[in-house]
1. Sort out which residues of segment 669-697 are open to solvent by 30 Å² or more (accessible area, probe 1.4 Å) and over 11 Å from Ala712 (Cα atoms), and write them in order of number.
2. Restricting the search to segment 310-321, which residues are assigned to a helix (DSSP H, G or I) and surrounded by fewer than 20 Cβ atoms within 10 Å (Cβ to Cβ)?
3. Return yes when Ser51 is farther than 29 Å from Ala528 by Cβ and open to solvent by less than 70 Å² (accessible area, probe 1.4 Å) and no when it is not.
4. Residues in segment 183-205: is at least one more than 25 Å from Ser414 (Cα to Cα), assigned to a helix (DSSP H, G or I) and touching an Asp or Glu at 6+ places or on another chain (Cβ under 9 Å)?
5. How many residues are under 22 Å from Arg622 (Cα atoms) and of a type in the set (D, E, K, R) when one looks only at segment 543-590?
6. Among the residues of segment 63-82, what is the count of those that are open to solvent by 40 Å² or more (accessible area, probe 1.4 Å) and under 24 Å from the mean Cα position of the chain (by Cα)?
7. Restricted to segment 366-406, and to residues that are touching a Leu at 6+ places or on another chain (Cβ under 8 Å) and not in a helix (DSSP H, G or I), which residue is nearest to Leu234 (Cα to Cα)?
Amino acid sequence: MIAYLTGIAVVAFLPTLTSVGWLLLIASVSALHRPWRRTAVLLVLGLLVASAYGHRQLAHRYQLPPRDLVVSAEVVDLPVLRNGYYSLLLQPLDMPSELRHVRCIKASYYGGDQVFAQGDRLQVELRLKSPRGLSNPAAFDLERHYLAQGIDARGYIRQVIEHKSAAFSLQHGRQYLADLLERRFSAVTAVTLRALVLGDRSGLSPEQWDVLRVTGTAHLFVVSGLHVAVIAALGWWGGRLLQLPALWLGRQGSGWRLLPPLAALAVAGCYAWLSGWGIPVQRAWLMLAVFMAGSWWLRPVSGWQRWRLALILILTLQPLSVLETGLWLSFGAVALILWLWQCRPEQADGAGRYLGVGLRVQLGLFVGMLPMMAAGFNQISLLSVPVNLLAIPLLSVLIWLLPALLLASGFSNSLIRFIDMAVDLLWQCLSWAAQVPGMYAELASPSVVSLLLSTVAVLFLLLPVAVQFRLLLVPFMLPMLSATHDLPGEGVFHAWVFDVGQGQAVLIETAEGTLLYDAGPGYPGGGAAFPFAIKPLLQSRGVRQLDALVVSHGDSDHAGGLAMLNEFLDIERVYAGEPEKLPGASGCPAGRWQSGGVSFQFQQAFADTEGLSSNNRSCILRIDNGHCSLLLTGDLDTSGEYRMLSAGYRQPVTWLVAGHHGSRDSTSAAILDWLQPHAVLISAGHYNRFGHPHVEVIRRLDERNIPWLKTADSGAIKLVAEREQCSIQRHREQKKRYWTAS
């Protein structure tokens with residue numbers, strides 16, 4: 001088993017699938033040695049399964065430049081209306097012959113003249129592009145998600161040519177139920193029931209997610225293994241009831257014996273389909289199927305054997321799940337429950353017994369999952385034990401009663417009001433719990449060593465030995481719980497030019513503090529790139545405070561993430577090129593300060609900003625450690641660059657971030673000739689509508705043999721400024737996997 005799973009895991013870390021051939025050759029040669037034969041064969045099998053899956057998924061991916069197409073398609077998932085635009089999952093019905101391999105398209109629609117529903121048939125003019133995502137350290141890998149979900153292209157709808165609403169059908173059933181919930185219940189109740197019944201979490205607000213995260217109950221409002229298991233238990237008891245007539249009639253054949261597990265699988269399968277049949281739900285149902293299969297065999301099958309078989313089956317069908325935190329959380333939780341059940345002490349009968357078992361399981365899960373929560377989510381919630389101890393039984397009962405409640409609510413307004421009150425009370429209780437001080441902590445990503453130490457400590461803590469011996473292991477968990485990131489040394493600075501699409505955000509870190517230059521773009525309908533492009537790195541490094549925030553100017557592509565940034569970080573000082581647009585901010589006066597042996601200096605292009613354009617009011621910041629230097633000019637245009645040079649700011653720089661994302665009227669020949677940068681970094685979106693970087697800017701760089709990098713191609717760019725060496729690291733190159741866009 002280990003060799004087979006290792007083969008699957010190895011492929012998930014390869015930069016290209018062509019590397020599999022060499023691994024297969026090595027493994028095949030190893031198979032000639034008899035003691036290694038079985039291991040080598042299983043390893044080869046794992047490599048073949050994972051690489052075949054990868055080749056099949058990549059064969060469907062759209063990899064051509066963006067183009068406009070007229071496409072007939074069906075909406076195959078619940079439409080998401082967020083911030084004024086629709087997000088749709090489309091299954092093409094009619095595509096040009098060269099694009100017939102595309103299976104699903106993730107499309108956006110920004111018009112306000114259409115209302116979409118699952119099952120609708122559309123004919124649309126669609127701007128189609130590859131399923132590419134932003135690439136930043138510690139951030140969610142959107143390209144892997146698209147590959148695993150079978151989403152082969154992205155795009156936005158330019159025009160709806162024809163829109164046919166679907167008649168009621170099996171495909172339209174989820175939409176009908178979603179609309180029914182919206183009509184019959186209050187907004188909070190409808191959102192909650194859509195999450196529990198339909199697996200649609202899009203309606204949950206950021207505030208609700210914060211409450212769920214702090215209380216450790218997010219898993220209760222995301223259709224997962226717990227929900228599938230609970231609904232399967234309902235199906236099992238339904239199957240037992242169906243057995244009663246057969247028992248009364250004296251029929252006890254094998255067919256009747258299979259009724260409970262078959263009913264459990266059928267009911268759970270219906271619920272899984274209703275919830276959208278997403279990959280996590282598929283995994284939960286497959287795990288259930290393996291565990292239920294043990295009831296069909298006329299020989300004992302241990303829980304551990306079923307656990308191993310379920311893991312092998314799921315990773316065979318979904319090899320990229322080996323990189324999903326959710327998979328290991330699910331299997332880790334089941335393994336802990338099996339372990340705790342084996343080691344359970346004898347207890348008296350009665351209610352106390354069940355309370356003791358529940359408390360023991362919750363404490364065991366809390367302790368056992370600590371390393372996974374710290375590594376995967378950078379958090380720990382002490383509230384999760386008492387809250388889950390109460391919430392899981394209540395949720396189980398609610399899920400069992402949901403079919404009857406939903407049916408009865410169609411005839412009783414009093415029942416609807418009761419459900420609304422109960423859901424409001426649930427959220428109120430969770431909100432109260434989330435406000436208990438000292439029960440939640442955010443952690444920096446632990447090192448490999450501290451993670452291994454804590455994992456070993458957790459395994460021994462769960463052994464059935466005396467408490468005093470377990471307490472001796474607690475200190476081994478302290479490095480994980482108090483993890484801190486490594487700061488640069490004195491006189492050294494690190495800078496990350498984030499991949500935020502068509503916008504800009506640069507993080508500079510020294511031995512004494514952290515500065516952020518710009519907050520990334522905001523989006524027209526609401527939202528920003530900050531939470532999924534910038535925040536993950538800050539969380540993983542344990543950064544909760546900024547020494548300084550510099551907002552170059554007020555344009556949304558530089559300041560769009562400010563609202564979300566302020567909710568997450570404490571900021572000591574705020575500088576802005578347009579301070580009147582940012583309460584509490586001061587201007588960027590010419591001056592110099594030190595942090596960790598690194599010099600920071602504001603430079604001024606214009607002494608008088610009266611009447612200047614927003615771009616020319618950008619703060620100009622130079623960072624220098626005596627050997628390496630970085631210059632940030634915001635959206636300064638050519639006239640501003642001339643003014644800056646005329647004011648005497650002409651020191652050569654190691655790195656220059658191109659002004660205005662590489663637009664034609666920035667990064668002039670003069671600034672390149674005077675500053676002589678070793679490299680120019682361009683923060684611009686992939687195939688952005690402005691055509692940045694402009695061909696003339698690239699021509700000026702090439703004529704001077706100045707290397708240049710673009711975040712759209714390189715991902716986040718890390719600059720390492722040491723005392724004797726200046727180096728550049730590209731995230732797409734460092735973290736390249738076979739699905740990573742080139």
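1. If the condition is that a residue be open to solvent by 30 Å² or more (accessible area, probe 1.4 Å) and over 11 Å from Ala712 (Cα atoms), then Ala669, Asp673, Trp674, Gln676, His678, Arg689, Phe690, Gly691, His694, Val695, Glu696 are the ones that fit.
2. Within segment 310-321, Ile312, Leu313, Thr316, Leu317 qualify.
3. Here the answer is yes, as Ser51 does meet what is asked.
4. Looking for residues that are more than 25 Å from Ser414 (Cα to Cα), assigned to a helix (DSSP H, G or I) and touching an Asp or Glu at 6+ places or on another chain (Cβ under 9 Å), one finds none in segment 183-205, hence no.
5. Number of matching residues: 6.
6. 4
7. Applying the filter and picking the extreme gives Met369.
So that you can scan it fast, the table gives a plain yes or no per residue for (1) touching a strand residue (DSSP E or B) at 6+ places or on another chain (Cβ under 9 Å); (2) of a type in the set (A, V, I, L, M); (3) touching a residue at least 40 places away in the same chain (Cβ under 8 Å); (4) over 30 Å from Ser202 (Cβ atoms):
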position	(1), (2), (3), (4)
Leu471	no, yes, no, yes
Val474	no, yes, no, yes
Pro479	no, no, no, yes
Gly491	yes, no, yes, yes
His494	yes, no, yes, yes
Gly503	yes, no, yes, no
Leu507	yes, yes, no, no
Thr514	yes, no, no, yes
Ala529	yes, yes, yes, no
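The values are calculated or read from the model by the stated rules, or taken from the named source; none is laboratory data. Keep in mind it's a predicted model, so treat the numbers as computed, not measured. We place every Cβ from the backbone using ideal geometry, glycine too, and count neighbours over all the protein chains shown. Heavy atoms of the whole protein, side chains included, go into the accessibility calculation; ligands, DNA and RNA do not. Shrake-Rupley method; radii C 1.70, N 1.55, O 1.52, S 1.80 Å.
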